[in-house]
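The values are calculated or read from the model by the stated rules, or taken from the named source; none is laboratory data. Only a predicted model underlies this, so the values are computations on that prediction, with no experimental measurement involved. Because the Cβ atoms are built from the backbone with ideal geometry, glycine has one as well, and the counts that use them run over all protein chains shown. Ligands, DNA and RNA are stripped out before the accessible areas are found, and what is left, the full protein with its side chains, is counted by its heavy atoms. Shrake-Rupley method; radii C 1.70, N 1.55, O 1.52, S 1.80 Å.
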Amino acid sequence: MNVVTVDPEIMWGTPCFTGTRVPVQTVFDYFLDGHTIDEFHRDFPEVKKSQVSKVIQQASEVKFVICKSA
């Protein structure tokens, strides 16, 4: 199951948790502001904790390549 949906008809194509209109970026903003998964879930109960966990797992697997400009 995809936990993230990108659909131009939902939030103008912003990546959202599947089945919701909650942008994935929102959970990362919560973490950056010092909030917990439980606080996020309290404010966005339509997003399942399993969806948040999967997004965090997928984000941790992303490898970033930093390129110097010539």
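For segment 40-53, the candidate set comprises residues that are open to solvent by 80 Å² or more (accessible area, probe 1.4 Å) and in contact with a strand residue (DSSP E or B) (Cβ under 9 Å, 6 or more places away or on another chain); within that set, the residue that is modelled with the highest pLDDT is E46.
If you check V27 against the conditions, is it open to solvent by less than 50 Å² (accessible area, probe 1.4 Å) and of a type in the set (A, V, I, L, M)? Spelling it out, V27 is indeed open to solvent by less than 50 Å² (accessible area, probe 1.4 Å) and of a type in the set (A, V, I, L, M).
Test T20 against the criterion of being in a helix (DSSP H, G or I), surrounded by 11 or more Cβ atoms within 10 Å (Cβ to Cβ) and not aliphatic (A, V, I, L, M), and give yes or no. For T20, the condition - in a helix (DSSP H, G or I), surrounded by 11 or more Cβ atoms within 10 Å (Cβ to Cβ) and not aliphatic (A, V, I, L, M) - is not met.
Going through segment 54-65 one residue at a time, which ones are surrounded by fewer than 13 Cβ atoms within 10 Å (Cβ to Cβ), in a helix (DSSP H, G or I) and aliphatic (A, V, I, L, M)?
First pass over segment 54-65, keeping only residues surrounded by fewer than 13 Cβ atoms within 10 Å (Cβ to Cβ): 57-65.
Filter again for in a helix (DSSP H, G or I), leaving 57-61.
Passing the criteria: only A59.
The C-beta contact set for segment 55-70 (first residue under 18 Å from V4 (Cβ atoms), second residue open to solvent by less than 100 Å² (accessible area, probe 1.4 Å) and modelled with pLDDT of 55 or more, distance under 6 angstrom, 6+ apart or interchain) comprises V55/V3; V55/V24.
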